[in-house]
1. What longest region of the chain stays clear of GluC sites (Glu not before Pro) that DSSP places outside H, G, I, E and B and that have at most 10 other Cβ atoms within 10 Å?
2. Would you mind getting me the FRET efficiency between Asn290 and Ala73? Use the beta-carbon distance for r and R0 = 30 Å, nearest 0.05.
3. Largest first and to the nearest Å, give the Cα extent of the chain along each principal axis.
4. Hey, which of these cross-link pairs are over 32 Å Cα-Cα: Lys72/Lys186; Lys25/Lys398; Lys110/Lys157?
5. Using the Karplus curve 6.51 cos²θ - 1.76 cosθ + 1.60 with θ = phi - 60°, what ³J(HN,Hα) values do you get for each residue of region 110-124, in whole Hz, with x for Gly and Pro?
6. Leaving out ligands and nucleic acids, note down the accessible area per residue over region 214-396 with a 1.4 angstrom probe, in whole Å².
7. Note down the relative contact order for the chain as a percent, whole number, built from C-alpha pairs under 8 angstrom at least six residues apart.
8. Loop by DSSP (not H, G, I, E, B), at most 16 other beta-carbon atoms within 10 Å: where is the longest site-free stretch of the chain for chymotrypsin sites (Phe, Trp or Tyr not before Pro)?
Amino acid sequence: MIFIYNLIVQLAGFLLKIVALFSPKIKLFVAGRKTVFTTLRSKINSADKTIWFHAASLGEYEQGLPVIEKIKAKFPSHKIVVTFFSPSGYEIRKNNTVADATVYLPLDTKSNARQFLKLVHPEMVFFIKYEYWPNYLNELKKQNIKTYLISGVFREKQAFFKWYGGFYRNALQSFDYFFVQNESSKKLLQSIGFTNVKISGDTRFDRVVSILERDNSLDFIAQFKNNTTTIVIGSSWPKDENLLINYINQSSNEVKFIIAPHNIKPEQIQELKKSISKKTVLFSEKSDKNLSEYNVFIIDTIGILTKIYSYADIAYVGGGFGNPGVHNILEPATFGVPIVIGSNYSHFAEATALVNMTGCVSISNQKELNEIFDNLIQNPDERFEKGHISSTFVNMNKGATDVILKHIS
């Protein structure tokens with residue numbers, strides 16, 4: 001099996017170079033990996049003590065950040081190395097300040113795994129949520145390097161729990177400890193013989209709780225809002241926007257809308273702006289404008305959505321009409337905001353829980369969207385109640401980072 005796996009990885013590496021000629025995202029994926037070893041040689045010395053964190057993409061990085069920060073504080077003499085698999089994570093967080101070196105994870109070949117670990121020589125390794133690369137894990141086990149999974153989630157459909165999954169089950173032997181989010185993940189691991197498991201919860205709750213401790217003010221958003229009821233639409237996709245635009249165009253001028261689309265390509269931003277009949281301004285053209293005069297504010301930049309949620313009276317979180325599903329609802333929840341999402345959220349435990357608690361409302365069509373927005377706009381008491389449920393939910397689930405840190409020595 002290992003022979004077939006390595007053959008597939010080698011073939012994938014070859015094919016990706018071809019695809020990179022036509023895909024900007026894959027081009028970043030391929031080009032970014034060319035300089036990994038050179039970067040590590042320049043930033044990590046043989047005498048350095050290091051700790052390695054791996055995140056698949058941006059969401060996993062944000063999820064692991066509370067642990068990274070606490071580990072950095074606990075081991076101040078160690079250098080922190082962060083790796084990403086996806087360009088969407090690396091390109092946004094490559095200049096983070098918490099890590100001493102941030103690079104792409106080279107493809108999972110035996111030679112890459114050996115060379116990477118030789119250069120990084122970590123004392124501890126943390127994989128965040130998922131991604132199990134057999135060659136890296138096997139090499140970590142051979143070198144007896146402490147390896148942990150944090151905020152892990154396991155599902156019955158995964159290969160580990162199938163009759164043909166022996167190859168992948170063996171890779172899990174490399175982990176010294178599994179810190180999982182829920183009871184079902186713990187039971188699944190126990191069913192295949194792993195007892196080194198603890199339910200820690202989800203470190204994302206710690207991440208969003210910490211957001212409240214920083215300055216979330218944005219003067220230009222305050223000017224736009226101008227003490228008006230404001231709906232913040234975060235990480236929207238076209239399927240979300242089709243419903244939302246219909247609502248915006250028929251809405252009262254007494255309500256304002258801030259839209260932060262998932263995709264901010266200029267041509268798509270312009271199409272979005274053209275489809276809105278209300279007076280609309282873009283973030284990129286806000287200079288020298290009296291923002292209070294506008295009804296709709298389109299955020300054609302990245303990195304400020306979390307702060308914008310602090311100004312929301314109602315939040316709509318996008319992605320719930322596509323795959324893999326709804327985006328992060330915890331950021332608006334921590335600010336005590338009632339949340340509306342699409343119908344595809346069942347794979348996200350926090351969304352399912354908050355819908356059941358009624359702090360979050362799922363809609364599946366235009367009629368339902370119109371009704372819930374109208375209801376929340378017209379009823380401040382209901383907004384407050386649902387928002388209170390949301391913030392309480394976040395606070396009830398914090399503490400995963402401390403559970404993990406107690407087991408790390």
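The values are calculated or read from the model by the stated rules, or taken from the named source; none is laboratory data. These figures come from a predicted structure and were not determined experimentally. Note that each Cβ is placed from the backbone with ideal geometry, even for glycine, and that neighbours are counted across all protein chains shown. Only protein heavy atoms, including side chains, enter the accessible area calculation; ligands, DNA and RNA are left aside. Shrake-Rupley method; radii C 1.70, N 1.55, O 1.52, S 1.80 Å.
1. Details: sites that count: Glu213, Glu254.
Longest site-free region, per DSSP loop and neighbour criteria: 1-212.
2. On the way: r = 44 Å, r/R0 = 1.48.
Once rounded, the FRET efficiency stands at 0.10.
3. 65, 44, 42
4. Numbers: Lys72/Lys186 28 Å; Lys25/Lys398 35 Å; Lys110/Lys157 27 Å.
Among Lys72/Lys186; Lys25/Lys398; Lys110/Lys157, the Cα-Cα distance tops 32 Å for Lys25/Lys398.
5. 4, 5, 5, 4, 5, 5, 4, 5, 5, 6, 8, 5, x, 7, 9
6. Values: 8190 Å² over 183 residues.
That works out to 45 Å² per residue.
7. Values: 718 pairs, mean separation 50.7, N = 409.
With pairs under 8 Å counted, the relative contact order is 12 percent.
8. Details: sites that count: Phe22, Tyr130, Trp163, Tyr164.
Value returned for the longest uninterrupted segment is 165-409.
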